[in-house]
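Here is the structure we will look at, set down as structure tokens.
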Amino acid sequence: MKTGKQIETLQARAASIMEEMVPHINDSSFSKDDRDQIDSILLLLHSLNSHIATLTADIELFDYAESHTDIMMRWSPIACRDAAMTIWHFQDALDYMLRALKRCPPIKTKERERALRSVIGRAAVAFPKKMRHVTAHATSHIGTPQARKQNALRGTSVILQNSRIGRKVIHSVEGRELSFEMSNATIQTLKTIRNIVFAIFRDKPTSDPGTTGQQSPRNPIKG
């Protein structure tokens with residue numbers, strides 16, 4: 001017989017699993033155009049989990065490389081570059097999600113749109129998107145005298161590209177230092193954002209009787 005503490009632990013685990021599950025949207029009564037937008041939203045919701053898994057692998061690679069001096073200088077930068085791009089892909093999925101929501105009247109509500117915009121803003125504060133530009137366009141970041149002047153740390157001639165201090169990955173962009181960490185804390189931040197987004201689409205707004213979060217969907221993804 002399970003103790004009260006064991007039951008509480010199981011209940012907490014069950015709640016956590018539910019929180020991480022991609023919400024379902026019943027679109028059976030929607031028009032084809034609306035179903036197409038729902039398909040986009042569902043794909044993007046699933047992609048958030050994929051991006052978190054990829055970031056986790058990036059950090060595992062970083063940890064492995066950092067513990068092996070013979071490969072550290074070669075593999076650690078690869079892990080950091082891929083992590084920066086993965087974080088951007090995560091944010092890009094949120095932007096496309098908002099675009100699809102705005103084009104799907106049956107589930108679009110002011111509350112849901114406002115909540116999604118808010119979480120997109122939260123992600124942008126945590127992970128400035130300009131870090132992605134430095135990662136994806138490293139040459140243009142330093143390729144001209146104007147670019148070097150613009151992207152050096154303010155008041156210096158120092159330019160940072162994929163530089164590292166411990167787990168901190170640093171870029172200099174337009175005179176400022178932008179950074180993120182190759183750490184579990186970064187993974188947890190993405191998970192928190194994902195859970196908020198899932199809740200936005202799982203909850204049924206009182207102003208919209210056509211939306212549901214628990215019924216079986218017309219879902220192109222098996223998961």
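General remarks:
- From the options V197, V119, V134, residue that is hydrophobic (A, V, I, L, M, F, W, C), under 30 Å from A57 (Cβ atoms) and modelled with pLDDT under 95: V134
- Number of positions in region 29-39 that are among the polar types (S, T, N, Q) and either over 16 Å from K108 (Cα atoms) or surrounded by 18 or more Cβ atoms within 10 Å (Cβ to Cβ) (or both): 1
- Among the helices (runs of 4 or more DSSP H) confined to region 87-149, the ones with at least 3 residues that are touching a helix residue (DSSP H, G or I) at 6+ places or on another chain (Cβ under 8 Å) and hydrophobic (A, V, I, L, M, F, W, C) are located at 110-126, 130-136.
- Residue list for region 119-161, filter: closer than 22 Å to D82 by Cα and of a type in the set (K, R): R122, K129, K130, R132
- Residue check for L98: closer than 28 Å to R202 by Cβ and touching a residue at least 40 places away in the same chain (Cβ under 8 Å): no
- Residue within region 48-63 that is more than 24 Å from K191 (Cβ to Cβ) and either touching an Asp or Glu at 6+ places or on another chain (Cβ under 7 Å) or buried (at least 18 other Cβ atoms within 10 Å of the Cβ) (or both) present: no
- Residue check for T139: among the β-branched types (V, I, T), modelled with pLDDT of 95 or more and surrounded by fewer than 16 Cβ atoms within 10 Å (Cβ to Cβ): no
- Per-region count, region 21-62, residues in contact (Cβ under 8 Å) with a residue 40 or more places away in the chain and either under 21 Å from F90 (Cβ atoms) or touching a His at 6+ places or on another chain (Cβ under 8 Å) (or both): 24
- Enumeration of residues in region 71-80 that are surrounded by fewer than 19 Cβ atoms within 10 Å (Cβ to Cβ) and either out of contact with any strand residue (DSSP E or B) (no Cβ under 9 Å at 6 or more places or on another chain) or of a type in the set (A, V, I, L, M) (or both): I71, M72, M73, R74, W75, I78
The values are calculated or read from the model by the stated rules, or taken from the named source; none is laboratory data. Since this is a predicted model, take the numbers as computed values, not measurements. With ideal geometry, Cβ positions are generated from the backbone for all residues, glycine too; neighbour counts draw on all protein chains shown.
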